[in-house]
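Let me begin by presenting the structure, written as structure tokens, before commenting on it.
Coordinate-derived values only; no laboratory data. If you're wondering where the values come from, they're calculated on a predicted model, not measured in any experiment. Here the Cβ positions follow ideal geometry from the backbone for every residue, glycine too, while neighbour counts run over all protein chains shown.
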Amino acid sequence: MVGDVKLMAYVNTGFKRIIKYVLLPIVIFFTLLLLSCGNEKQKLSAPTDIAVGDDGFLTWSKVDNAHAYTVDINGEQYETAENRLDIFELTHNVDKVYNIKISAFGNWDKFDESDWSEITEYKISDLYLKGLGFALINNDAEIEVSVISASLMTNKIVIPQSIGNLPVTSVAQNAFKNCEKLTSAYIPDTVNNIGFNAFANCSALTRIRLPKNITKIESGMFESCVNLLSVVVPSSVKEISTSAFARCKKLSAVDLSADLTHIGNSAFSGCESLREVIFPNNVEVIKLGAFSGCKSLKSIHIPKFTRYIEVRAFYGEYIDSITVEDGNDVYAGDGNCLIRKADKFLLAGCNSSVIPNYVESIAQSAFYNCLIKSVNLPNTLRSVGRIAFYGCAELKELHIPQSLTEIYEDTFSGCVGIERITVAQNNAVYCGEGNCIIRKADNTVVYGCRNSVIPDYIETIGTVSFRYCIYLNNIVIPNSVKTIEVSAFRDCISLKKISLPNSVAKIETGAFHGAGLYSVTLPQSAGAIERQAFMGITAYVPFENWQDGWQTQIFNGTWTGAAFHQSSLVYGCELREDGGAPWVYSIKNNIKGVSPYNGGEKRVQDLCDNPRIPHRDGYVFKGWTSVEGGATAEYAPYTLDNGEVAALSAAQRANIPQDATLYAVWAEDK
């Protein structure tokens, strides 16, 4: 019995060994076989819809589950993760047919590589060659290319390397200018000179390959190429000249050459899509307006060896950051400002600038149209240039320090948000009474704001002192004012009425041009009124006859608008006054007006065309009456089709007896 038990144990142990060493591997094998049969790799589809666009990019339909693609062009293979490949520079032989095929591959554990696609043939059209002209240069040893038929310059062109046995080394000035159907151009490395304006106004041009040996991007070379997207400037280029890329509105990227030293006037002006510019270390000169109007450019970094930057090289209106590399001996970037160290001269600011407390001068246009919300002019500041803070609409307050004794009339023009103006009491040149900047020496308002109150000793309202003050809706001109200078209230669109006192003797060019005035009453003293001082208004004047120049346009090579261009004048009015500014008491229906139509000739017309309502401080105009002293208007104001209110309608004027005197009816404005 014991032996039987031992025998059974031995048998069981052997059986287990058989299972472990013989059957188990067999089970695993068949299990793996079954698993592999259930997970057979899937073959990817071959790419389709293969095409080469005018921009030089090869594209095809995206393949599901593809991680990347292999592109074969005449036996040369390239890999790309996207369903597109830039072949612009890979295909630049006009005489060659490019056979293109593409395969897709994915995760090798699950997907097999696709078959090759069907072959797509690509050949650059050579039709444009018939529109090119070739000239011998340099002792007939080289060729210069130009265009003799712009209509044949379509799509992609490739400038030939040689003609006969002579190399093509030059592209003529204006060569491809105005070729509006040219989309891209490949220029071979044999070319070492491209003339000015060579591709100007090529409005469809999206890209270009520049040769490796040119040393200069000439003036206007790509000016107004509005669809040019990006440019690689060869390392040989040392200078980008005036307006080379001006108004390339879609130019978003430019790779500047390492040896570039000079960027000319307006080189990139108006490049609205340019997001970033990395100046190479060798850039020494950046000239006037080089980056003006670059709306997408948010930061500027000046390298260590830059030695000369002109005023207005770039405007800070779109820029949030200005920095200068450590070690630059000429410039500093303190407070997000570009400052010339030698004379503490602030050349440019930006939206986030904080003016350092050592600055002595601020350049013209330094903060032009910036969105800076506050400005602290330091006590070291002595002068501020023209339109330095022009259009800084976010500024609310302005304080002029003691040291600042030189301000131009347009320094703060267009700062429409300013509500409060102060001047340090011990400033020797200016004072700040009535929320105005006043020049003490001649009692002239230099600058005002929406809350200004002109003091009663002021003699002159200065040039552009209130220009663009769009929120100014009321201003009292005191009886001390003798002169209102050029464009003083120009474009004050909310200023609907103004009273001019008898002291005013001269109103200069454009003083109220573009203001919201509908009418004005001129005092007897106002005989000197210059061109375009008032436009499109009704003027009530005490004279019996028109004044020379008031209504006649002046020819000085071109026609310049008369003082009351496109206006109506009512002459011979009787005026009264109550404490200062005169107002209309009566008019006569036999008085004629004039208008500067018909090439500037005087044209006599009836009383006036839809005369606007006259103005009187503190009163409301109710209309006209034929009874002197009458309180009831016989002819009430009339609303025109455009919504404006006129003092008389055409029908009313037709019923007024000739030679009748009409008296204004006024009621106190309560």
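For this structure, a couple of remarks:
- Of the residues Ser567, Ser296, Val665, the one whose Cα sits farthest toward the positive end of the charge dipole of the chain, with +1 on the Cβ of Lys and Arg and -1 on the Cβ of Asp and Glu, is Ser296.
- Under-5 Å amide H pairs with Ile163, H placed in peptide plane, nonlocal only: Val168
- Placing one equal scatterer on every Cα of segment 350-429 and applying the Debye formula, the log10 ratio I(q)/I(0) at q = 0.15 Å⁻¹ is -0.45.
- Overall form of segment 109-165 per C-alpha gyration tensor (a/c, 1.5; a/b vs b/c): prolate
- Taking θ as phi - 60° and the Karplus parameters 6.51, -1.76 and 1.60, the scalar couplings of segment 433-440 work out to 5, x, 6, 10, 9, 10, 7, 5 Hz in sequence order, x denoting glycine and proline.
- Expected 222 nm ellipticity per residue - DSSP helices of 4 or more, -39500 (n - 2.57), all of the chain, to 500: -2000 deg cm²/dmol
- Among 413-422, 47-56, the order from most to least packed when residues are scored by Cβ within 10 Å on average: 413-422, 47-56
- Note on Asn479 and Glu118: the extension gain reaches 120.9 nm, defined as 0.36 nm multiplied by sequence separation minus the Cα-Cα distance.
- Karplus-derived 3J(HN,Hα) values for segment 280-289, using 6.51 cos²θ - 1.76 cosθ + 1.60 with θ = phi - 60°, are x, 4, 7, 5, 9, 10, 10, 9, 3, x Hz; glycine and proline are entered as x.
- Potential lengthening between Arg576 and Thr59 on full extension [0.36 nm per residue; Cα-Cα distance subtracted]: 178.0 nm
- For segment 223-301, the dipole from Cβ point charges (+1 on Lys and Arg, -1 on Asp and Glu) about the Cα centre works out to 320 debye, to the nearest 20.
- Across all directions, the shadow cast by the convex hull of segment 143-199 built on its C-alpha atoms averages 3.6 square nanometres.
- Dipole magnitude (debye, nearest 20) for segment 217-359, charges at Cβ of Lys, Arg, Asp, Glu: 280 debye
- Taking 23 Å as the straight-line reach from the Cα of Lys216, the lysines in range (excluding those fewer than 8 positions away in the same chain) are Lys177, Lys238, Lys249, Lys250, Lys287, Lys304.
- Within the chain, longest stretch free of exposed chymotrypsin sites (Phe, Trp or Tyr not before Pro) [DSSP loop, at most 11 other beta carbons within 10 Å]: 109-456
- Cα lying deepest toward the dipole's positive end in segment 245-362, options Thr323, Pro356, Ala267, charges on Cβ: Ala267
- If only the Cβ of Lys and Arg carry +1 and only the Cβ of Asp and Glu carry -1, the dipole of the chain around its Cα centre is close to 900 debye.
- In angstrom, the C-alpha Rg and Dmax of the chain are 39.4, 157.
- Inverse of mean 1/r across different Cα pairs in segment 48-149, Kirkwood, Å: 16.0 Å
- Amide H contacts of Val147 (H built 1.01 Å from N, under 5 Å, at least 5 apart or other chain): Gly133
- Phi-derived couplings, Karplus 6.51 cos²θ - 1.76 cosθ + 1.60 at θ = phi - 60°, listed residue by residue for segment 406-420: 9, 10, 7, 5, 10, 4, 10, 4, x, 7, 5, x, 5, 10, 9 Hz, with x used for Gly and Pro.
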